[in-house]
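Everything on this sheet refers to the single structure shown next.
Throughout, read-outs are computed from the coordinates displayed, never taken from laboratory work. In this text the structure is predicted, and so the values were computed from the model without any measurement. So basically every Cβ, Gly included, is an ideal-geometry build from the backbone, and we count neighbours across all protein chains shown.
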Amino acid sequence: MYDGFLSKDYFQQAFGYYCTDNGKVSGTLGSDIEAQLFRKLRKPNLWPIEDKCLDYSEDDIFDIIEFLYDYISKPIDGTYHDWNGCGWHYHTFDKELGRQEFLTEIDQILRDYKEGYELSVQGEILALPETGLEKLFQANLPVYEPDNVEARVNNASLKFRRHRSSIEDRRDAIRDLADVLEFLRPKLKLVITKSDESDLFKIANNFGIRHHNDSQQTDYDKAIWYSWKFNYYLATIHASVRLIEKYEQSEPKPQSSK
């Protein structure tokens, strides 16, 4: 797939090209791409891709995919240098179109790898949601306190689903969602019973998510149960925001005094 995009000059803007008259013409990454790759990924022995790829680890491959997504761009306009079959030298590129085509191609591969992954439009490889939960991750929250709710939920989702997320990262993501519910708690009390409101926080408070003391229950398979906890809180936030929004819309508006 990489060779295919390379042969169509989708990396000419970043990597440059060879000209029979002018020799090596640098792209936006400069003349030493290997050094730039090391600077961005802090890893040696990744370049050139066509020579090194068979020795990549899984983590290396994912890093390279994200790197290529950052620097691909579709060639739009240029001049054809026919001397000795030199080829096209482009000066106009469309990065978004290039990324869209790359994402479509790479997702066909990533979705079939292990439990399944996808490349986000932000250029991060994320684990696919578990079967049956896709709509939960695709659904948009109503616009409600964007900085305190939507932004924090989106950041927690990315933290939980990143391909290199650790158990600690996932615990932090669950804690972040619990904090969003804590922010919503005063208004939640208006739409659910007191016992239900208390139950929402028992999981985070008693199972080693938000507190650290010897009364916490921590003897469980975190890899399995963290996924359940995260999905539970994500679904609860979606329901809570909609309940609060419905309540606020049904409340009579105070009449202004004349």
Quick check: net charge around Gly16, other residues with Cβ under 15 Å of its Cβ, Lys/Arg +1 and Asp/Glu -1?
-3
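Excluding Ser73 itself, calculate the net charge of residues whose Cβ lies under 13 Å from the Cβ of Ser73, where each Lys or Arg counts +1 and each Asp or Glu counts -1.
For residues surrounding Ser73, the net value is -2.
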For peptides 233-240, 167-174, 56-63, sequence by mean Cβ density within 10 Å, most packed first:
233-240, 167-174, 56-63
Read phi for every residue in segment 91-102 and hand back ³J(HN,Hα) as whole Hz from Karplus 6.51 cos²θ - 1.76 cosθ + 1.60, θ = phi - 60°, with x for Gly and Pro.
10, 10, 9, 10, 5, 5, 5, x, 5, 4, 5, 5
